[in-house]
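Here, each number is a calculation from the coordinates, and none is a lab measurement. Only a predicted model underlies this, so the values are computations on that prediction, with no experimental measurement involved. Reconstructed Cβ throughout: ideal geometry from the backbone, glycine too, with neighbour counts over all protein chains shown.
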Amino acid sequence: MKIAVVGTGYVGLVAGTCFADSGHSVTCVDLDENKIQNLKQGQIPIYEPGLEDILKLAIQKKLISFTTDFDHALRENSVIFIAVGTPEGPDGMPVLDPLMSVVQQIAQKATTDKCVVLKSTVPVGTGQQLQDYFDQHAQKKIEVINNPEFLKEGAAVDDFLKPDRVVVGCRSQKAQEIMQELYDPFVKNGHPILFMDNTSAELTKYAANSFLSVKISFINELARLADLVGADINEVRRGFTSDRRINPAFFYPGVGYGGSCFPKDVQALIKTAKLHGTTMDIVEAADRVNDQQRQLLFQKIKNHYQDLNGKTFALWGLSFKPRTDDVREAPALTLIELLHEAGAHVKAYDPIASENAKKATKVTFENCQNAYQALENADGLIVTTEWNEFRNPNLDQILKTLKQKVIFDGRNIFDPLKMKHLGFQYYCFGRENLREAKT
């Protein structure tokens, strides 16, 4: 099948590359000439494990091409995926201006019938609104299909090639057959393609991300209580997730969620409910807890030192999660700004995301070449991203290098009792007041 993908950001590039890898002919469109030239050479603008290798192979097989010529892509392809950004606006709803620009061009220039597939995350009801727009303004028959993405950064290629499910919102049998053909290669494992109406598909996307945010905030609240009563949150989690009705995924306490999806989608769902005269009280609570969680780690630091002015901190991890260079809504950046406001200096290290973090922050901090360089002359170590290389560090070197033997573990990657035995003052979430079992 011949398809076009408009937008070569995270979602569009992964989708286009994986469709090409399965044998489809893909044309990727973007306005950024420099990005297009780099992509033609197989150079990707994001860090995503495995993506570059698949892209280069697809280029060699001439299954994928890149262009800034939207008219050509529209003329040559009957299925148009829209994967442009829909960032959060000041009112909490996604900004749809880039998407509407693409929609208007399709309506004006389409000379044959098209299927327009929305990969971009859009407010509930957008599919119907766009269908109405095409029905009124396009000269040809254009059907809007909703196909929300469920990709985890750092594992996006695997998620696309081996999805838990594919959600498709459409109206016609023809659209269903097209989407079935596109996704059949990826569901040989028996996982479903779920066909539904457009509005339900849109709400499914928001429901999934908001529910996962609720899980994260729930375990974080439990961890706060565990610290107060002296319980071990790891044991508590193991106990309640042993119930077969409770999936253990995303029940890990820490400094809170970030990234491009959860914060934005939570706000959009809250706003959508208000626009329709109701509330999402549980989701709103999860959002508040997440904001508080970032402040909680800072408060632990402030309580320990009292005065942070003139202090220096090593900070490990800048991306919002491991295996990505994405720093959007990263808890580390919030913490850096709070420390800066308090007069502290931050020496940070991240395997991938250092330059992105520099561009994203409003304040200055020092980027280090490795984790141990960041420790030099530092009054404490703060862990904000659970990269694998941080999980088993040289503890003797940390002890020798830190000026003060203090660790603030925002991701619970170390064992509290071991840290205390080694002489560290150790702060974490939900395991801070553990006592050794008596023998």
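Taking the Cβ of each residue in R288, R244 as the centre, tally the other Cβ atoms inside 10 Å and list the residues starting with the fewest. Intermediate results must be reported in sequence, preceding the final value.
Values: R288 11, R244 6.
Ordered from fewest to most neighbouring Cβ atoms within 10 Å, R288, R244 come out as R244, R288.
Return one quarter of the surface area of the convex hull spanned by the alpha-carbon atoms of region 183-230, equal to its mean projected area, in nm². Intermediate results must be reported in sequence, preceding the final value.
Values: hull surface 21.2 nm².
Computing the convex hull of the Cα atoms and averaging its projections yields 5.3 nm².
Of the chain, which part is the longest with no GluC sites (Glu not before Pro) in a loop (DSSP not H, G, I, E, B) and with at most 15 other C-beta atoms within 10 angstrom?
Working: sites that count: E376, E436.
With GluC sites (Glu not before Pro) excluded where exposed in loops, the chain gives 1-375 as its longest stretch.
As a check on your grasp of the helix formula, calculate [θ] at 222 nm for the chain: sum -39500 (n - 2.57) over DSSP H runs of n ≥ 4, divide by the residue count, round to the nearest 500. Let's see the in-between values first.
Details: 18 runs with 198 residues, N = 439.
After summing the helix terms and dividing by residue count, I get -13500 deg cm²/dmol.
Report, to the nearest 10°, how far helix 281-305 tilts away from the longest principal axis of the Cα atoms in the chain, using its own Cα long axis and a range of 0 to 90°.
30
Taking the chain as the reference, fit the longest principal axis to its C-alpha atoms, fit the long axis of helix 126-137 to the helix C-alpha atoms, and give the angle between the two in degrees, 0 to 90, nearest 10.
For 126-137 against the chain, the angle is about 30 degrees.
Just to compare against my own numbers: the Cα pair-distance distribution for region 121-188, 5 Å bins, whole % per bin, please.
Calculated P(r), rounded to whole percents: 3, 15, 21, 21, 18, 12, 7, 3, 0.
Report, please, the projected area of region 220-427 averaged over directions, based on the convex hull of its C-alpha atoms, in nm².
Dividing the Cα hull surface by four gives the mean projection, 12.9 nm².
Angle check, please: helix 198-229 long axis (alpha carbons) against the longest principal axis of the chain (alpha carbons), in degrees 0 to 90, nearest 10.
0
So if I place +1 on the C-beta of Lys and Arg and -1 on the C-beta of Asp and Glu, and nothing else carries charge, what would the dipole magnitude of the chain be about its Cα centre? I want it in debye, nearest 20. Walk me through the numbers on the way to the answer.
On the way: 50 positive and 55 negative charges, 148 e Å.
Here the size comes out at about 720 debye.
May I ask you to sort W316, W387 by Cβ crowding, counting other Cβ atoms within 10 Å and putting the fewest first? Show your work: numbers first, answer last.
On the way: W316 28, W387 22.
Result, fewest neighbours first: W387, W316.
Is there a quick way to get the dipole size of region 220-427? I mean about its Cα centre, with the Cβ of Lys and Arg at +1 and of Asp and Glu at -1; what is the value in debye to the nearest 20? Before the final figure, lay out the partial values.
On the way: 27 positive and 26 negative charges, 22 e Å.
Result for region 220-427 is approximately 100 debye, rounded to the nearest 20.
Rank Y257, Y305, Y47 by mean-square fluctuation in a GNM of the chain with C-alpha springs under 10 angstrom and give only the top-ranked residue.
Highest fluctuation of the listed residues: Y305.
Using a simple charge model, +1 on the beta-carbon of Lys and Arg, -1 on the beta-carbon of Asp and Glu, nothing else, what dipole does region 2-195 show about its Cα centre, in debye to the nearest 20?
On the way: 18 positive and 25 negative charges, 122 e Å.
Here the size comes out at about 580 debye.
Using +1 at the C-beta of Lys and Arg and -1 at the C-beta of Asp and Glu, which of L381, Q295, G230 has the Cα lying farthest in the positive direction of the dipole of the chain?
Sorting the options by dipole projection puts first G230.
From the residues V266, I282, Y372, which one has its Cα farthest along the dipole of region 220-427 in the positive direction, the dipole being from +1 and -1 charges on Cβ of Lys/Arg and Asp/Glu about the Cα centre?
I282
Once the dipole of region 57-133 is set up with Lys and Arg at +1 and Asp and Glu at -1 on Cβ about the Cα centre, which of T121, T67, L57 lies farthest towards its positive end?
Comparing the listed Cα positions along the dipole, L57 ranks first.
Could you give me the percent of Cα pairs per 10 Å distance bin for region 149-232, shortest bin first, beginning at zero and ending with the bin that holds the maximum distance?
15, 34, 26, 14, 8, 2
Distance from the Cα centre of region 315-364 to that of region 1-68, in angstrom?
If you average the Cα positions of each part, the centres end up 29 Å apart.
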